[in-house]
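The values are calculated or read from the model by the stated rules, or taken from the named source; none is laboratory data. This is a predicted model, so every value here is computed, not measured. Here the Cβ positions follow ideal geometry from the backbone for every residue, glycine too, while neighbour counts run over all protein chains shown. Areas reflect the complete protein model, heavy atoms only, side chains present, ligands, DNA and RNA absent. Shrake-Rupley method; radii C 1.70, N 1.55, O 1.52, S 1.80 Å.
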Amino acid sequence: MPSRKFADGEVVMGRWPGSVLYYEVQVTSYDDVAHLYTVKYKDGTELALKESELRSQSSFKHRKSQSSSSSPSRRSSSRSRSRSRSPGRPAKGRRRSASQSREHKDDKKKTIQETSLALLVLVLSKPSENNTKRYNGEPESTEKNDTSCIVLEQKLKPDLEIKRVLEQYSLRPRKDDKKKEEIYSEKKTFVTVKTIEKVPSKTKELEFGGRIGTLMLMLLLPATVFYLLLMCKQDDPSLLNFPPLPALETLWEGRVFGVFLLWFFLQAMLSLLPIGKVVEGLPLSNGRKLQYRINGFYAFILTAAAIGVLLYFEFELHYLYDHFMQFAVSAAVFSLALSIYLYVRSLKAPEEELAPGGNSGYFIYDFFTGHELNPRIGSFDLKYFCELRPGLIGWVVINLAMLLAEMKIHNLSMPSLSMILVNSFQLLYVVDALWNEEAVLTTMDITHDGFGFMLAFGDLVWVPFVYSLQAFYLVGHPTTITWPVAAAITVLNCIGYYIFRSANSQKNNFRRNPADPKLANLKFIPTATGKGLLVTGWWGFVRHPNYLGDIIMALAWSLPCGFNHILPYFYVIYFICLLVHREARDEHHCKQKYGLAWERYCQRVPYRIFPYIY
């Protein structure tokens with residue numbers, strides 16, 4: 001095992017990733033397994049660097065003094081020696097000898113190297129002051145550095161021109177130049193590959209309560225789904241009225257499982273159709289960008305057309321309502337099988353393709369959070385597909401089935417006003433998600449979380465069978481509301497949707513093109529990563545305005561169910577808990593990523609989700 005070179009607390013010079021610039025950093029810790037130093041820059045940014053990317057401060061000071069003091073003396077002494085040693089040298093205008101040309105060329109090379117080193121030292125001498133101001137959102141003062149660079153460039157330009165001419169008319173054989181070029185090319189290739197290489201580290205901070213917490217969630221989530229569905233079937237769905245457990249043989253039917261598989265693979269086939277644009281996702285840890293086919297809205301239209309054809313031929317869609325529990329069990333079994341497959345294949349995945357949050361080395365934790373970040377079969381991305389297609393579109397189909405079941409059970413010529421509101425609100429939400437499908441590529445689910453049981457169960461079971469709870473509840477517990485109440489609930493949903501959509505659009509447009517003239521009125525705090533933190537608009541109101549809009553809409557979805565029972569309000573209660581927990585995860589990751597700039601952002605925008613409350 002190689003010995004450690006730098007100690008904790010030592011101040012050294014660290015190379016900024018992706019550049020050749022070195023900045024002053026402080027060593028905070030060392031990973032013996034990955035052989036990486038965790039260093040802290042003056043602006044608060046923490047990064048993991050290799051030992052080859054760190055240098056002692058003395059090496060920079062030594063080079064600076066050497067270039068400023070010894071170089072002129074060498075140049076003056078060489079000139080004095082040439083004058084005293086050559087009394088019979090030819091007059092001006094005559095050709096110099098080959099040896100004198102080489103001496104002159106060497107002098108010029110030294111001058112160029114010294115001037116280049118002086119330029120580098122000037123750039124690196126005081127980086128912390130200006131950079132800290134820039135990361136904190138303060139204006140950067142660069143006039144002094146820019147003027148110095150211009151002066152040095154003017155001094156350097158004639159030397160570079162002389163160097164080019166000397167190399168062009170050099171007496172050295174061309175074979176040597178070619179050999180030198182090949183050596184330089186090989187060295188450059190090696191260095192490039194080495195800088196791109198990244199050694200992934202183990203997940204140190206475990207979320208969701210660690211191994212015990214994730215194990216409990218794996219048992220609790222399916223139990224919660226089945227409990228909610230059983231409660232909705234009861235005449236009195238109060239919390240104290242625990243439903244009787246059904247017989248195990250009634251929970252499974254092969255035909256139902258076959259219908260679920262048909263639905264899943266139908267959506268997979270639609271996602272592979274060569275329609276819609278192809279976009280690139282965010283850069284991965286190795287710098288590579290994956291490509292995604294954006295055709296979710298087209299898949300929704302084709303699915304709606306297929307459902308319309310089935311209804312035209314009098315297919316009984318309320319079959320979903322009659323076997324709703326069996327469909328939920330089939331989806332849970334499939335999600336568990338998919339999770340096992342994902343974990344087994346992740347064991348053979350390259351290190352750089354593992355999820356940053358699911359590489360702890362603990363089986364239960366990695367199985368739950370997801371071990372591999374972007375599992376793919378060819379170009380088919382399993383996580384991206386499950387995120388929006390089978391569960392989200394299935395949610396709309398289930399709502400429609402509940403609407404038809406309500407009409408059939410209660411002998412209605414048209415659905416109730418409550419059922420119409422629930423279906424309309426949630427249809428708008430799903431269509432919006434599919435229309436803005438590209439925005440999901442920047443979410444934490446895609447960029448950070450691996451694909452394991454958490455997302456597989458959430459996408460295939462929790463979303464379609466829990467999010468449709470209001471419609472399922474209204475079938476067995478019809479609720480009558482007046483038109484003024486319906487109008488008030490509609491206004492509330494529109495307010496929530498407006499906040500949700502405008503906040504997300506503002507964020508996505510700013511990420512795509514911060515220099516867009518339409519966004520000129522937005523102010524932001526620059527960060528060390530090159531991204532900006534918005535402090536005006538919706539993102540200057542609260543830190544997560546999209547979460548606020550989501551919660552308002554969730555409340556509007558539950559209000560049409562009345563106030564007789566708390567069961568239809570489970571969704572809004574759960575959603576508040578989910579978004580508060582996700583907001584805490586966002587805060588933790590953003591603080592690590594943006595450092596001091598995030599602290600300044602929190603001072604400018606003190607409220608997280610609810611203004612003046614939280």
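How large is ³J(HN,Hα) for each residue in segment 400-411, as worked out from phi by the Karplus curve 6.51 cos²θ - 1.76 cosθ + 1.60 (θ = phi - 60°), to whole Hz, x for Gly and Pro?
So the J values, rounded to whole Hz, are 5, 4, 5, 4, 5, 5, 4, 5, 6, 5, 9, 6.
Net charge near VAL542, counting Lys/Arg +1 and Asp/Glu -1 over other residues with Cβ under 12 Å of its Cβ?
That works out to +2.
At a 1.4 Å probe, what is the % contribution of carbon and sulfur to the accessible area of segment 364-433?
69 percent
Taking R0 as 45 Å, what FRET efficiency do you get between ALA520 and GLU51 from their Cβ-Cβ distance, rounded to the nearest 0.05?
For R0 = 45 Å, the calculated efficiency reads 0.50.
What accessible area per residue, rounded to a whole number of Å², is obtained for segment 354-413 using a probe radius of 1.4 Å?
Working: 1870 Å² over 60 residues.
Using a 1.4 Å probe on heavy atoms only, each residue of segment 354-413 averages 31 Å².
Using a 1.4 Å probe on the protein heavy atoms only, what accessible surface does MET13 show? Give it in Å² to the nearest 10.
The accessible area comes out at roughly 20 Å².
As a test of reading the structure, rank THR45, THR536 by solvent-accessible area (1.4 Å probe, protein chains only), most first.
Highest to lowest solvent-accessible surface, that is THR536, THR45.
Hey, got the dipole for segment 481-613? About the Cα centre, +1 on K and R Cβ, -1 on D and E Cβ, debye to the nearest 20? Working shown, then result.
Working: 15 positive and 6 negative charges, 109 e Å.
Taking the Cα centre of segment 481-613 as origin, the dipole is about 520 debye.
In whole angstrom, how far apart do the alpha carbon centroids of segment 443-519 and segment 569-614 sit?
Cα centres, segment 443-519 to segment 569-614: 17 Å.
If VAL12, VAL329 are ordered by their accessible area, calculated over protein heavy atoms with a 1.4 Å probe, which sequence runs from highest to lowest?
In descending accessible area the options line up as VAL329, VAL12.
For TRP252, tell me the accessible area in Å² from a 1.4 Å probe, rounded to the nearest 10.
About 120 Å², rounded to the nearest 10.
So, in nm, how far is label CYS577 from label TYR614 when the simple model puts each one 7 Å beyond its Cα toward the Cβ?
Result: 1.2 nm between the two label points.
What length, rounded to one decimal in nm, is gained on full extension from GLN26 through to LEU206, with 0.36 nm per residue of separation minus their alpha-carbon distance?
Contour length minus the Cα-Cα distance gives 62.2 nm.
Name the shape class, rounded, prolate or oblate, that the alpha-carbon gyration tensor gives for segment 433-580, where a ≥ b ≥ c are the square roots of its eigenvalues, rounded holds for a/c under 1.5, and otherwise prolate holds if a/b is larger than b/c and oblate otherwise.
Cα axes put segment 433-580 in the oblate bin.
At 1.4 Å probe size, put ASP550, ASP516 in order of accessible surface, largest to smallest.
On the way: ASP550 15, ASP516 45 Å².
Reading off the accessible areas and sorting them downward yields ASP516, ASP550.
Could you work out the local net charge near TYR37, counting Lys and Arg as +1, Asp and Glu as -1, over the other residues with Cβ closer than 13 Å to its Cβ?
With Lys, Arg at +1 and Asp, Glu at -1, the net is -1.
Multiply the residue separation of LEU245 and SER424 by 0.36 nm, subtract the distance between their alpha-carbon atoms, and state the gained length in nm to one decimal.
61.1 nm
What is the gain in length, in nm to one decimal, between ARG604 and ASN411 on full extension, counting 0.36 nm per residue of separation less the C-alpha to C-alpha distance?
Difference between extended and current length: 63.8 nm.
Quote the accessible area belonging to ARG288 in square angstrom, nearest 10, computed with a 1.4 Å probe and with ligands, DNA and RNA left uncounted.
The accessible area of ARG288 comes to roughly 110 Å².
With the cut-off at 1.5 for a/c, could you classify segment 447-530 from its C-alpha gyration tensor as rounded, prolate or oblate?
It is oblate, given that a/c is not under 1.5 and a/b is not larger than b/c.
So, in nm, how far is label TYR319 from label ARG345 when the simple model puts each one 7 Å beyond its Cα toward the Cβ?
With each label point 7 Å from Cα toward Cβ, the separation is 2.9 nm.
On the protein heavy atoms, probe 1.4 angstrom, tell me the percent of accessible surface of segment 10-57 carried by carbon and sulfur.
50 percent
Using a Förster distance of 25 angstrom, determine the FRET efficiency expected from the C-beta separation of ARG512 and HIS589, and round it to 0.05.
Calculated transfer efficiency: 0.70.
Please identify which residues in segment 332-351 have an amide N closer than 13 Å to a label point set 7 Å out from the Cα of ARG288, following the Cα→Cβ vector.
349-351
Along the Cα→Cβ direction, 7 angstrom out, place labels at THR490 and ALA337. What is the inter-label distance in nm?
So the label points at THR490 and ALA337 sit 4.5 nm apart.
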